[in-house]
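Contents: one structure, followed by commentary.
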Amino acid sequence: MDPDIVVSDARWSKVPALRAWIKKAHAAALKKSDAARPVTILLSDDAQLQVLNRDWRGKDKPTNVLSFPAAEVKLPRGEKAPLGDIALSYDTCAKEAKEAGKTLRSHAVHLTVHGLLHLIGHDHEDDAEAEAMERREIRILAKLGIANPYVLSTDHE
């Protein structure tokens, strides 16, 4: 099942083939059972991410990506429980990509993978968790032909 991609900031539509790359990231990051669960990815801006970050995490500032794992609910037989939602900010993602010398598309794909890993229970609360999550991100992105995001790059769009 492909993720539901909702674009609330039109600037995301100008990123070449972003929808297709998000779908590839979704398929590469999740096991078959998780990939069959509904995921919504919101492509938004700093203003909306700041509101979400404030309301859900108590942090009144914009951020690059937020993940919201779905609550466990009892569903009718045959229905797939949602995995959750992810939101990305164009403003913060574009700024970070430029500062790191990466394309906005590759950075957005990396953050999508990062968000998906959060939805399936990965975290980076301590050094060991962070290192394990980074290794997994690097492996997934390598399958997609995207360089290690934790090394400065010089690939510009």
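Values in this text are rule-based calculations from the coordinates and carry no lab data. Computed from a predicted model, the values in this text were never measured in an experiment. Every residue, glycine among them, receives a Cβ derived from its backbone with ideal geometry; neighbour counts consider all protein chains shown.
Restricted to strands (runs of 3 or more DSSP E) entirely inside segment 1-89, those with at least 2 residues that are crowded, with 18+ Cβ neighbours inside 10 Å and in contact with a Gly (Cβ under 7 Å, 6 or more places away or on another chain) are 65-69. Among residues of segment 9-35 that are without any contact (Cβ under 8 Å) to a residue 12 or more places away in the chain, those with a beta-carbon under 7 Å from a residue that is surrounded by 16 or more Cβ atoms within 10 Å (Cβ to Cβ) at least six positions away or on a different chain give the pairs Ala27/Ala35. Residue pairs whose Cβ atoms lie under 8 Å apart, separated by 6 or more positions or on different chains, with the first residue in segment 120-135 and within 18 Å of Ala29 (Cβ to Cβ) and in contact (Cβ under 8 Å) with a residue 60 or more places away in the chain and the second among the charged types (D, E, K, R) and in a helix (DSSP H, G or I), are Ile120/Asp34.
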